[in-house]
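The values are calculated or read from the model by the stated rules, or taken from the named source; none is laboratory data. In this text, all values refer to a predicted model and were calculated from it rather than measured experimentally. No Cβ is skipped: glycine too gets one built from the backbone with ideal geometry, and neighbour counts run over all protein chains shown. Areas reflect the complete protein model, heavy atoms only, side chains present, ligands, DNA and RNA absent. Shrake-Rupley method; radii C 1.70, N 1.55, O 1.52, S 1.80 Å.
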Amino acid sequence: MRRHVAFLLAALLTGASAGAQAPASPAPSPAAARAFVDSAERELATLGEKANRASWVAATYITDDTERLSADVQERYAVAAQRWALGTTRFDGVQLPADVRRKLTLLKLSLVAPPPSDPAKAAELTRLAVGLEADYGRGTYCRPGKLGEPLPAAGAAPVGAARGDSTCYQINALSRALVESRDPNVLLDAWRGWHSIAPPMKDRYARFVQLSNEGARELGFRDVGVMWRSGYDMPADAFSAELERLWQQVRPLYVALHAYTRTRLNQQYGDAAVPKDGMIPAHLLGNMWAQEWGNVFPIVSPAAAAPTVDLTKLLAAKGTDVPAMFRFGEGFFTSLGFDSLPKTFWTRSMLTKPRDREVVCHASAWDIDAQDDVRIKMCAERTGEDFVTVHHELGHNFYQRAYKGQPFLFQNGAHDGFHEAIGDAVALSITPGYLQQVGLLAQAPSTASDTSRLLQQALDKVAFLPFGLLIDQWRWQVFSGQVTPADYNRAWWALRAKYQGVAPPVARTEADFDPGAKYHVPANTPYTRYFLARVLQFQLYRAMCREAGHTGPLYRCSFYGSKAAGAKLARLLEAGQSRPWQEVLFEMTGERRMDAGAMMEYFAPLKIWLDRQNAGHPVGWTVPAQVSQTR
Ligand code: X8Z
Ligand code: ZN
């Protein structure tokens, strides 16, 4: 985990030790600045490693004790990092070598939840952060009888609490129900059940917002949201404008996919469940957060469509177990010329859900010691979806290994969207041709099934775009104070309506805290990175396809085995965060800006097909006034 990649608390990770003080004010010369960053890096590396180890144990063995122990170390780390961050201001206005200036900037931005200087508040903030993530990990929905069965009338055991005669479900089981069931009662129960874990977090989250804002203000930021938007080698406002530009590029494709999916779901579930011209209820899209829709492909694909590869079935047929899925992922990276994973990856990672203890199941990739101790924590199952996630996570680990030669403060993604894009860019090469090459598929289907495959891909990649954008739109409003706790849920669904055209399946109130049911909110992991990664991964993929000499439609490219593509990727990874991302992007792709052109090229044939399917059907949705307004 370490900084971004990992979610945890924050972020972080790098930190100065509790007892360590920032050096006592020598004259602000370039030499003093260099000594300052050197000391900060040393201290933060040492304390960061301790914080990582404590977080690892807390996330893979949730108990009150591991939570407390982890919180203590995170606090030391965060307090130290904040002290260094505050110390950077001494060098404001001093002419410095570029690498030193960059390190000072990164140091100032390194925490995602900067603690206030008041030690009591810093301790409170860290406990809240660690506790919220642990509570998400513990999230369990218990109910009398089985999922989807009618609940006994009033007076029965309260939903979510009693465990006596009840059946209890955690996120993997509830997610599986959303994938496999076609019974709207089961789907609704699973959706509602998972969302019932969040309300107890609401007050603590509101306090967390307050405290981290205090820390951000001490650093000179208006609020935490502004601080997050300042980490992209451009002014925060320019960054917001970039997001809007990218969204407008892809929005027509999303709207077309939304309309098509709505029509097909309407045919499956009827007018009462899915209005022909309105928003899609969030429980019918095959994913707890309606963020990726690939699981409803069997429902929405045209009956007459040529069959596509069902990766879940292939993995089962071949008896590929979870470690073997990781071996395939590793094999892809080594085929590009990267070293294989260290032995300790296999002995220290948590690849599947343990039966005997509570863990944070949400997948993450960790870099414990900034050298070779990389790990993955995941409750992986043998599905096509998790096969892709395995590649996503491994992308983080290969990035971490590639930049381990950089100074501590540069050991990071070019920006956080790059960190999220690498494994996905690789996974775009999981084509039928690739599956055949590695022996998972006997015979690649004919090109007649290309449209189906593109539809399947779009349901994951394109459907995600507005979701990837709106999580932080919500958080930025919360951090800025524009949205207060009295409006948290309303504001959440207003954004879901505006960007996604998705509605809650049952009425919601402010007693609900639906953002809290999404991991990255209680875990305080910034989310815009995933939106950026969705766009960037196609840029990187196209660049590597070109390097591999691919010709023909972009979506058929696999750069598996291409040392030339691997060398290009390695150059980008090895640079870490040592230079502005615009430069490394340019070297890799010839493009200086993030741009959805490659993504649009990939899906161009599908867009034409979707427009044809949508002819004569409503496209788009209107948002009722009571949904779009917050107070
Ligand atoms: O959180 C993740 C990864 C870990 S960085 C599993 N992702 C986002 C999510 O699950 O919400 C990957 C895609 C978006
Ligand atoms: Zn990731």
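Can you list the HN-Hα couplings for the stretch 211-219, worked out from phi with the Karplus curve (6.51, -1.76, 1.60; θ = phi - 60°), rounded to whole Hz and with x for Gly and Pro?
For the stretch 211-219, the Karplus curve yields 5, 5, 4, 4, x, 5, 5, 4, 7 Hz.
Compute the signed sum of charges (Lys and Arg +1, Asp and Glu -1) over the other residues within less than 12 Å, Cβ to Cβ, of Q74.
+1
Among the aspartates and glutamates, select those whose C-alpha is under 20 Å from the C-alpha of K343, and discard any that sit fewer than 8 residues away in the same chain.
Within reach: E49, D321, E330, D367, D369, D372, D373, E393.
How long is the gain from V506 to K276 if the chain were fully straight, where each residue apart is worth 0.36 nm and the alpha carbon distance is subtracted?
Here the segment from V506 to K276 would lengthen by 81.0 nm.
Over the chain, what is the relative contact order in percent, taking alpha-carbon pairs closer than 8 angstrom and at least six residues apart?
18 percent
For the stretch 174-237, what relative contact order do you get, as a whole percent, if you take Cα pairs closer than 8 Å and at least 6 residues apart?
Rounded, it is 16 percent for the stretch 174-237.
Around V112, which amide H atoms from residues at least 5 apart in sequence, or from another chain, sit under 5 Å from its own amide H, with H modelled in the peptide plane?
A11, L12
Give the separation of the Cα centroids, the stretch 608-623 to the stretch 515-538, in Å.
28 Å
Report, to the nearest whole %, how much of the accessible area of the chain belongs to carbon and sulfur atoms, 1.4 Å probe, protein only.
The nonpolar share, carbon plus sulfur, comes to 52 percent.
For P342, what charge total do you get from the other residues with a beta carbon under 13 Å from its beta carbon, if Lys and Arg give +1 and Asp and Glu give -1?
After counting each charged neighbour, the total is -1.
For the stretch 37-114 and the stretch 182-260, what is the separation of their C-alpha centers, rounded to whole Å?
If we compute the Cα centre of each part, the gap is 24 Å.
Find the accessible area per residue for the chain; the probe is 1.4 Å, ligands and nucleic acids are left out, and the unit is Å².
36 Å²
Expressed as a whole percent, how much of the Cα-Cα distance distribution for the chain exceeds 32 Å?
Percentage above 32 Å: 47.
What full-extension length gain, to one decimal in nm, is calculated for A123 and T334 as 0.36 nm per residue of separation minus the Cα-Cα distance?
So the extension gain works out to 71.6 nm.
Mind checking the full-extension length gain between M600 and E149? Use 0.36 nm per residue of separation minus the Cα-Cα distance, one decimal, nm.
Value of the extension gain: 158.0 nm.
According to a simple spin-label model (label point 7 Å from Cα along Cα-to-Cβ), what is the distance in nm between T344 and A317?
According to this spin-label approximation, the distance is 4.1 nm.
Once both labels are modelled 7 Å past Cα along the beta-carbon direction, what's the D65-R612 spacing in nm?
My value for the distance between the label points is 6.5 nm.
Counting helices only, and only those DSSP H runs with n ≥ 4, report the 222 nm mean residue ellipticity of the chain as the sum of -39,500 (n - 2.57) divided by its residues, in deg cm²/dmol to the nearest 500.
Result for the chain: -17500 deg cm²/dmol, rounded to the nearest 500.
Calculate the dipole size of the stretch 456-508 relative to its Cα centre from +1 charges on Lys and Arg beta carbons and -1 charges on Asp and Glu beta carbons; express the result in debye to the nearest 20.
Around 80 debye, computed over the stretch 456-508.
Can you say what percent of the DSSP beta bridges in the chain, counting only those with both residues inside, are antiparallel? Round to 5.
Given both bridge residues lie in the chain, the antiparallel proportion sits at roughly 65 percent.
Taking amide H positions as placed 1.01 Å from N in the peptide plane, with prolines and chain starts having none, which residues 5 or more places from G145, or on another chain, fall under 5 Å of its amide H?
Amide H neighbours of G145, under 5 Å, 5+ apart: T167.
Longer than 26 Å from Cα to Cα, which of K50/K121; K313/K377; K146/K518; K461/K498; K202/K461; K404/K568 are they? Say none if no pair is.
Cα-Cα > 26 Å for K202/K461; rest within.
What are the ³J(HN,Hα) values, in whole Hz, obtained from phi via the Karplus relation 6.51 cos²θ - 1.76 cosθ + 1.60 with θ = phi - 60°, for each residue of the stretch 480-486 in sequence order, with x given for Gly and Pro?
Values, residue by residue: 7, x, 4, 10, 9, x, 5 Hz.
So what is the relative contact order for the stretch 379-469, in percent, with contacts set as C-alpha pairs under 8 Å and at least six apart?
Across the stretch 379-469, relative contact order equals 23 percent.
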